[in-house]
1. Could you list all residues from the range 37-69 that are in contact (Cβ under 8 Å) with a residue 24 or more places away in the chain, part of a strand (DSSP E or B) and surrounded by fewer than 13 Cβ atoms within 10 Å (Cβ to Cβ)?
2. Being under 17 Å from Glu11 (Cβ atoms) and at pLDDT 95 or above is the filter here, so list the residues in the range 44-72 that pass it.
3. When the range 11-66 is examined, which residues are found to be at negative phi and among the acidic types (Asp, Glu)?
4. When the range 1-36 is examined, which residues are found to be outside any loop (DSSP other than H, G, I, E, B) and either modelled with pLDDT of 90 or more or of a type in the set (Lys, Arg) (or both)?
Amino acid sequence: MISLGLEPGAEECSRAGCRAAAQWRIEWRNPKIHTEDRRKIWLACEEHVDFLREFLGARDFPLEVLPQKASA
């Protein structure tokens, strides 16, 4: 996702306009255009993880929500 015309930082939430630190990793794919081994990744803060999960789930995209690992 793009946030206010700027790409989110490496560890920032992917929700438009949010710059909060990500605690969650949402791995998903669009089965109409992605092969089974292709996954896209969105990061989410605590406030937006449900919004992003529901956004993708409403489109019937296969997804998995995992804790975001802290960078070394």
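1. The answer is Glu64, Leu66, Pro67.
2. Ala44, Cys45, Glu46, Glu47, His48, Val49, Leu52, Val65, Leu66, Pro67
3. Scanning the range 11-66 gives Glu11, Glu12, Glu27, Glu36, Asp37, Glu46, Glu47, Asp50, Glu54, Glu64.
4. Of all residues in the range 1-36, those outside any loop (DSSP other than H, G, I, E, B) come to 3, 6, 12, 21, 24-28.
Across the range 1-36, the qualifying residues are Glu12, Ala21, Trp24, Arg25, Ile26, Glu27, Trp28.
The values are calculated or read from the model by the stated rules, or taken from the named source; none is laboratory data. In this text, all values refer to a predicted model and were calculated from it rather than measured experimentally. When we count neighbours, we look across all protein chains shown, and the Cβ atoms used for this are built from the backbone with ideal geometry, even at glycine.
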